[in-house]
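The values are calculated or read from the model by the stated rules, or taken from the named source; none is laboratory data. Computed from a prediction, not measured in an experiment: that's the story for all the values here. Quick reminder, even Gly has a Cβ in these numbers, built from the backbone with ideal geometry, and neighbours come from all protein chains shown.
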Amino acid sequence: MRESMRRRRFTYPGALALCVIAAFAIAQPVAAAPRQASPQDLWTVPTRPATDFTILVAYSFGNRIPAGVDPTRTVGQPGPVNEALADAVVATRGTRTVPIYAQTEIASVLHGKYGLTDVIEIGPDQTPDGTLVYLSTDGVAKKVASLRGPRAGDDVVGVIAFSDHQWRSVYTTVAAGFHAYGPAGIAMPATYDPFSGQDWTRSRESYLPRDIAGRVSLLPQLVSAS
């Protein structure tokens, strides 16, 4: 009975989201030259071969907060998910030297485990008293766009993100002005960390409704960018 209720809970937001997509498709005129194809659903991540990418952007997912550490003043440790995301970055880059923009939790692994010295770290801002300002997916995309400047419109971005977060990460990157895709043939981490310092990233039940709401809210931006 519990499993049946769980399936219904996830099916409903998905069905609602698809209805929203259909409404936008009917209401909006077809663009003459879209920057990137608009999403056909809220689940399918558009992909391209890794060799097509001019830059890589890696979005973190959760963290680990050591005992006695103030989570409002430290990013925390990467944890197993961000370690796996760093592995996916390296697999996507291969032997090429394309720029890597990675959130701090992933960048620290790329520095420490792989010895990469050319990673551009994307970290949160701080208030004058040292408190961290939460860095959202949208905030990461905008920071990378600012760093790339006028080159952003020509970039083809390979987006590395947790499996359930990748759709939103790709299309948030698109909304920031890039051509963005997941790397074809590269598996993204899909196992949640029950000990994550961010409670919404500890399980699919906690995370997915939040992420679906974020996907739906992206749709108007994607339509206007088409």
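When GLY62, GLY14, GLY68 are checked against the criterion of being at positive phi and either surrounded by 11 or more Cβ atoms within 10 Å (Cβ to Cβ) or at pLDDT 95 or above (or both), a single residue qualifies: GLY62.
Scanning the stretch 109-132 for residues that are loosely packed, with under 12 Cβ neighbours inside 10 Å and not small (Gly, Ala, Ser) yields THR117, ASP118, ASP125, GLN126, THR127, PRO128, ASP129.
Within the stretch 136-160, being without any contact (Cβ under 8 Å) to a residue 12 or more places away in the chain and in contact with a Phe, Trp or Tyr (Cβ under 8 Å, 6 or more places away or on another chain) holds for no residue. Hey, any hits in the stretch 182-203 for a residue that's buried (at least 17 other Cβ atoms within 10 Å of the Cβ) and assigned to a helix (DSSP H, G or I)? Within the stretch 182-203 (the criterion being buried (at least 17 other Cβ atoms within 10 Å of the Cβ) and assigned to a helix (DSSP H, G or I)), the answer is yes, since at least one residue qualifies.
Kindly indicate whether any position in the stretch 133-149 is in contact with an Asp or Glu (Cβ under 8 Å, 6 or more places away or on another chain) and surrounded by 14 or more Cβ atoms within 10 Å (Cβ to Cβ). So far as the stretch 133-149 goes, yes, one or more of its residues are in contact with an Asp or Glu (Cβ under 8 Å, 6 or more places away or on another chain) and surrounded by 14 or more Cβ atoms within 10 Å (Cβ to Cβ). Could you tell me how many of the residues in the stretch 35-63 are part of a loop (DSSP other than H, G, I, E, B) and either in contact (Cβ under 8 Å) with a residue 40 or more places away in the chain or over 30 Å from ASP199 (Cβ atoms) (or both)? Qualifying residue count for the region: 19. If you go through the stretch 114-149 and keep only what is farther than 18 Å from TYR59 by Cα, assigned to a loop (DSSP other than H, G, I, E, B) and not β-branched (Val, Ile, Thr), you end up with GLY115, PRO128, ASP129, GLY130. Scanning the stretch 170-181 for residues that are crowded, with 24+ Cβ neighbours inside 10 Å and either closer than 13 Å to LEU56 by Cβ or hydroxyl-bearing (Ser, Thr, Tyr) (or both) yields VAL170, TYR171, THR172, THR173, PHE178, ALA180.
The residues of the stretch 206-220 that are under 17 Å from ALA141 (Cβ atoms) and surrounded by 15 or more Cβ atoms within 10 Å (Cβ to Cβ), listed by number, are ASP211, GLY214, ARG215, LEU218, LEU219. Checking each residue in the stretch 150-177 for being among the aromatic types (Phe, Trp, Tyr) and either closer than 21 Å to SER224 by Cα or assigned to a strand (DSSP E or B) (or both) picks out TRP167, TYR171. Looking across the stretch 64-85 at every residue that is assigned to a loop (DSSP other than H, G, I, E, B) and within 18 Å of the chain's Cα centre (by Cα), the one that is nearest to TYR134 (Cα to Cα) is identified as VAL75.
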